[in-house]
Structures are given as structure tokens and as C-alpha cells.
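Colleague: Sharing a structure here in C-alpha cells format.
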Amino acid sequence: LLAFFAGFLLLVHPFNNEVANYISAFPEVWYVIFMLLAALFYAKHRRGFLPITRDKNLLLAFLFYFLGLLTKETAFLFPAVALALDVFVFRLPFKNLFKAREITKYAVFGVLFVVYLAMRVLALGGIPDPKPFYQFTAFERVYFFFDLLGKYWAKFFYPYPLKEFHAFSQTVDLTSPAFLFGLVVAGGLCALAYMFWKRGQGTLLFFLVWSLVFLVPALLFLDRLGENI
């Protein structure tokens with residue numbers, strides 16, 4: 001009992017929760033919440049039996065998607081999550097995706113994104129195009145793609161040390177554990193995706209898509225992200 005309560009105290013002690021309570025990063029927490037709610041209600045929309053229930057849940061999915069855009073712009077990638085749900089989990093026939101109702105539904109996501117951009121322009125007086133913080137060669141972009149992929153996935157399994165700021169090194173080292181682990185992760189994800197596809201395990205395939213889709217901006221647009229990649 002002493003060990004349990006000592007461990008529990010360590011878990012909830014303010015000294016250790018600065019990562020979650022880091023005040024300037026609160027949009028990250030809301031962003032995750034809104035994306036999860038959007039996915040939940042989109043799935044409920046697909047599972048609904050009554051048209052009125054399906055429509056209500058779809059409207060809620062649109063609402064939380066838009067709230068996600070207001071907290072973090074990478075929420076614009078959510079339609080990829082909705083598409084993955086349709087194809088892998090609910091097994092919507094590919095030809096059905098081109099029906100008027102489905103096209104209209106995905107178009108609404110686009111309209112909401114345009115509305116968000118208009119609000120952004122009105123608030124900031126335009127869409128700024130900041131100078132790149134870093135300058136990367138094509139080879140360095142490929143290297144850091146796998147390097148950061150390895151580091152992100154390492155955090156999934158071992159998130160320590162808990163800290164809100166991680167220094168980014170521009171050093172290229174082909175023997176780096178993170179880079180080598182990133183290569184292993186990339187190969188493993190491809191192998192898992194193929195296996196899940198062949199076995200018809202759409203839900204597991206969807207989880208792989210979810211785990212990667214919101215990492216795409218960080219992995220591809222390194223020079224635009226600022227100091228704290």
C-alpha cells in the first residue's frame with residue numbers, strides 16, 4: 001500500500017504534470033479532444049440507423065472539426081481520418097465515395113476550412129509566409145523524416161523524460177539510434193499495413209492511419225515549423 005500511494009503521489013504531483021499543464025501548449029490538448037470527438041461522432045453517423053440520428057451526428061462531427069481548426073491548423077487533415085474510417089472500418093465500396101451525398105459531405109469539410117482561412121485572414125490581415133527557420137537539402141529532409149519518425153514512436157512507448165521542449169539537432173548521423181529506429185518503424189508499419197489489409201482487419205489499419213496522419217506536417221514541413229520541431 002505504501003508503494004502504491006507513493007507511486008500515485010508521484011503520478012499526480014505538480015512537479016511531473018507540467019507537460020500536460022504547460023500553459024502555452026493548451027491548444028494541443030483541446031486539439032486532441034476535438035479530433036477525438038469529431039472521429040467519434042463521424043463513426044456514430046455511419047452506424048446510425050435513423051436518418052435524423054445520422055444527420056445529427058454528422059453535424060456534430062463538422063462542429064468539432066471546425067473547433068479543432070480554431071485550436072490547431074493541422075486539424076485540416078481530419079478528412080483523411082474520415083476517409084480511413086469509411087474505407088477500412090465501415091468498408092464503404094470505393095464507387096460509393098463518388099456518390100453525390102458522399103462528395104457533398106466531404107465538400108463541407110472543405111467549406112469549413114475555407115471559412116476558417118477567411119477568419120484567419122480577417123484576424124491577421126493575410127496569410128503570412130514566414131521565412132524558413134531551417135535550410136535543408138533533399139537528403140537532409142529524407143534523413144530527418146526517418147529520424148523524427150523514430151523519435152515520435154519512441155515517445156509512444158517510453159515518454160520519459162517528461163518535458164515540454166525538445167531540442168532539435170541538425171546533425172546528420174546515419175548510425176543514430178533514432179534514425180535507425182525510424183527505418184525499422186517505417187518498414188514495420190508498411191508490413192503491418194499490408195498484413196492488416198490482406199486479413200481484412202480494417203480497424204487495426206485505421207489505427208495505423210490515425211497514428212501517422214497528424215504527424216505528416218511535422219515530418220514533411222520541417223523548415224516551416226520553427227525552432228521547436
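Colleague: Can you give me the relative contact order of the chain as a percent, contacts being Cα pairs under 8 Å and 6 or more apart? Mind dumping the intermediate values first?
Modeller: Details: 189 pairs, mean separation 50.4, N = 229.
Result for the chain is 22 percent.
Colleague: What is the sum of charges, Lys and Arg at +1 and Asp and Glu at -1, for the other residues whose Cβ falls under 14 Å from the Cβ of LEU192? It would help to have the intermediate numbers written out before the result.
Modeller: Details: positive: LYS198, ARG199; negative: none.
Summing Lys/Arg as +1 and Asp/Glu as -1 gives +2.
Colleague: Under the rule of -39500 (n - 2.57) per DSSP H run of 4 or more residues, summed and divided by the residues of the chain, what mean residue ellipticity at 222 nm is obtained, to the nearest 500 deg cm²/dmol?
Modeller: On the way: 10 runs with 150 residues, N = 229.
After summing the helix terms and dividing by residue count, I get -21500 deg cm²/dmol.
Colleague: Which of LEU11, LEU85, LEU97 ends up with the largest GNM mean-square fluctuation for the chain, with Cα atoms connected below 10 Å?
Modeller: LEU11
Colleague: Now for a different question. Taking all protein chains as present, what is the carbon and sulfur share of the accessible area of the chain, in % to the nearest whole number, probe 1.4 Å?
Modeller: Working: 10760 of 14750 Å².
After summing per-atom areas, the C and S share lands at 73 percent.
Colleague: Let me ask something else. If you place +1 on the Cβ of every Lys and Arg and -1 on the Cβ of every Asp and Glu, how big does the dipole about the Cα centre of the chain come out, in debye to the nearest 20? List each step's numbers first, then the result.
Modeller: Numbers: 20 positive and 13 negative charges, 239 e Å.
Dipole of the chain, to the nearest 20 debye: 1140 debye.
Colleague: Which value, in Å², gives the accessible area per residue of the chain when a 1.4 Å probe is used on the protein heavy atoms? Let's see the in-between values first.
Modeller: Working: 14750 Å² over 229 residues.
Per-residue value: 64 Å².
Colleague: Which lysines have a Cα less than 24 Å from the Cα of LYS105, not counting those fewer than 8 places away in the same chain?
Modeller: Within the straight-line cut-off, LYS105 pairs with LYS44, LYS56, LYS72, LYS95.
Colleague: Still on this structure: Would you mind counting up the charge near PRO177? Only other residues with Cβ under 11 Å from its Cβ, with Lys and Arg at +1 and Asp and Glu at -1. Don't jump to the answer; show the numbers that get you there.
Modeller: Values: positive: LYS151; negative: ASP147, ASP173.
So the surrounding residues net to -1.
Colleague: Okay, next question. Any idea which of LEU205, ILE103, THR74 is furthest toward the positive side of the dipole for segment 70-229, if Lys and Arg beta-carbons carry +1 and Asp and Glu beta-carbons -1?
Modeller: ILE103
Colleague: Given Cα pairs under 8 Å that are at least 6 residues apart, what percent is the relative contact order of segment 112-229? Don't skip to the answer; put the middle values down first.
Modeller: Details: 79 pairs, mean separation 46.4, N = 118.
So the answer I get is 39 percent.
Colleague: Compare the Cα positions of MET119, ALA84, LEU180 along the charge dipole of segment 84-229 (+1 at Cβ of Lys, Arg; -1 at Cβ of Asp, Glu; about the Cα centre) and return the one farthest towards the positive end.
Modeller: Positive-end residue among those listed: ALA84.
Colleague: Note the listed values (1) 12.5; (2) 19.6; (3) 17.4, then indicate which one is mean projected area of the Cα convex hull in nm² calculated from this particular structure.
Modeller: Here the calculated entry is (3).
The values are calculated or read from the model by the stated rules, or taken from the named source; none is laboratory data. Predicted model, so just to flag it, every value in this text is computed and none were measured. Every residue, glycine as well, gets a Cβ built from its backbone with ideal geometry; the counts of neighbours run over all protein chains shown. Only protein heavy atoms, including side chains, enter the accessible area calculation; ligands, DNA and RNA are left aside. Shrake-Rupley method; radii C 1.70, N 1.55, O 1.52, S 1.80 Å.
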